[in-house]
Amino acid sequence: ENAEYHAAREAQVAVEERVMAIEEVLKNAVIMSSKHKTDSVGIGSVVTLKKGKEEKTYTIVGSEETDIGSGKISNKSPLGGAMFGKKQGDTFTYKTPQGDVRCEIIAIS
């Protein structure tokens with residue numbers, strides 16, 4: 001009978017589920033220090049890549065922080081996963097819908 005009421009209840013359930021998911025992420029979160037210098041790509045690394053003639057810089061983050069517009073890519077993404085653990089000077093390929101892309105790691109900070 002009351003369609004608006006049922007729609008509001010469904011929206012409330014969806015919001016409550018999202019809140020529970022975020023609480024779970026926060027409960028299990030680990031603060032990572034960006035001061036820890038490493039020579040291989042990991043979460044928190046800022047990586048400069050050369051793809052063909054162009055260079056791009058990305059920050060490797062967890063999946064909840066991904067924001068491609070800001071250059072933050074997930075360690076679970078095809079690109080992030082392919083470069084994870086690599087070192088400066090390494091080359092690697094990753095799969096895209098247009099085919100394999102070859103990259104070289106220019107710098108890691």
Inset, instruction - Please work out which residue is most open to solvent (accessible area, probe 1.4 Å), limiting yourself to region 14-31 and to residues that are modelled with pLDDT of 90 or more and within 13 Å of Glu64 (Cα to Cα). - result: Arg18
Legend entry - Unique match (being under 20 Å from Val25 (Cβ atoms) and part of a strand (DSSP E or B)) among Ile105, Ile43, Ile60: Ile60
Inset, instruction - Filter region 56-102 for residues that are open to solvent by 70 Å² or more (accessible area, probe 1.4 Å) and touching a Leu at 6+ places or on another chain (Cβ under 7 Å) and give the result. - result: Lys56
Legend entry - Long-range neighbours under 6 Å by Cβ, at least six apart or interchain, first residue without any contact (Cβ under 8 Å) to a residue 40 or more places away in the chain and closer than 19 Å to Lys76 by Cβ within region 40-57, second among the hydrophobic types (A, V, I, L, M, F, W, C) and open to solvent by 30 Å² or more (accessible area, probe 1.4 Å): Gly44/Met32
Inset, instruction - For residues that are open to solvent by less than 80 Å² (accessible area, probe 1.4 Å) and either among the charged types (D, E, K, R) or out of contact with any Lys or Arg (no Cβ under 6 Å at 6 or more places or on another chain) (or both), tally how many sit in region 35-49. - result: 8
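The values are calculated or read from the model by the stated rules, or taken from the named source; none is laboratory data. This is a predicted model, so every value here is computed, not measured. Note: ideal-geometry Cβ built from the backbone for every residue, glycine included; neighbour counts use all protein chains shown. For the accessible areas, the whole protein counts, side chains as well, though only heavy atoms, and no ligand, DNA or RNA atoms are used. Shrake-Rupley method; radii C 1.70, N 1.55, O 1.52, S 1.80 Å.
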